[in-house]
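So the structure is just underneath, and the comments pick up after that.
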Amino acid sequence: MKCLYCNCTESKVVDSRSSDDARTIRRRRECISCGRRFTTYETIEVTPVLVVKNNGTRQAFNAEKIRNGIIKSCEKRPVPMAVIDDMVADISKQVYNSMESEITSKQIGEMVMERLKTTDEVAYVRYASVYRSFKDISSFMAELQNMMNGK
């Protein structure tokens, strides 16, 4: 780490603290050469994961899109925001732990539906109706029947 003032590469850490989000460490350093202090921040470098859409395009994985879809499907349902945040964190962790550089939107959709099914059945059906884009009432009823048979 180079000193901002004299460009010396030797410094010592005087103080280390976790940030509020517990994902960053703030370090106060003191230059060995000039004695001046400066602050550095250390964060985890995340390898980007690309989502391959149905039409073949690729875009960066965005947990906010998952959160928004789950919130929309849970609208007017007794699902606390903490549960939704846990689902999003769990899905994000599964995506990053897969060690793959690409994941399909279909895989992500299945992860969301798997969690919604155990959380709230109405939210699950709402999400499935958009995700699976039911063409008619018979395909919708077939999904409901599968759900009923699974119990």
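Bear in mind that the values in this text are calculations on the coordinates, not laboratory data. The structure displayed is predicted, hence computed values, not measured ones. Neighbour counts run over all protein chains shown; Cβ positions are idealised from the backbone, glycine included.
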Cβ-Cβ cut-off under 13 Å around R28, Lys and Arg +1, Asp and Glu -1: the net charge is +4
Once amide hydrogens are built 1.01 Å from N within the peptide plane, the residues lying 5 or more places from T104 or on another chain with amide H under 5 Å from its amide H are V52
Taking a crude spin-label model, label points 7 Å out from Cα along the C-beta direction, the D85 to R23 distance in nm is 1.3
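Can you give the net charge of the other residues whose Cβ lies under 15 Å from the Cβ of R58, counting K and R as +1 and D and E as -1?
Net charge in that neighbourhood comes out at +1.
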Using alpha carbon centers only, region 97-141 is separated from region 1-60 by a whole-angstrom value of 37
For region 48-151 the translational diffusion coefficient, Stokes-Einstein from a Kirkwood Rh over Cα pairs at 20 °C and viscosity 1.002 mPa s, in µm²/s, is roughly 148
If unit charges are put on Cβ atoms (+1 for Lys and Arg, -1 for Asp and Glu) and the dipole of region 27-151 is taken about its Cα centre, the option from P80, C31, F61 lying farthest towards the positive end turns out to be C31
Exposed GluC sites (Glu not before Pro) being those in a DSSP loop with at most 14 other Cβ atoms within 10 Å, the longest stretch of the chain free of them is 101-151
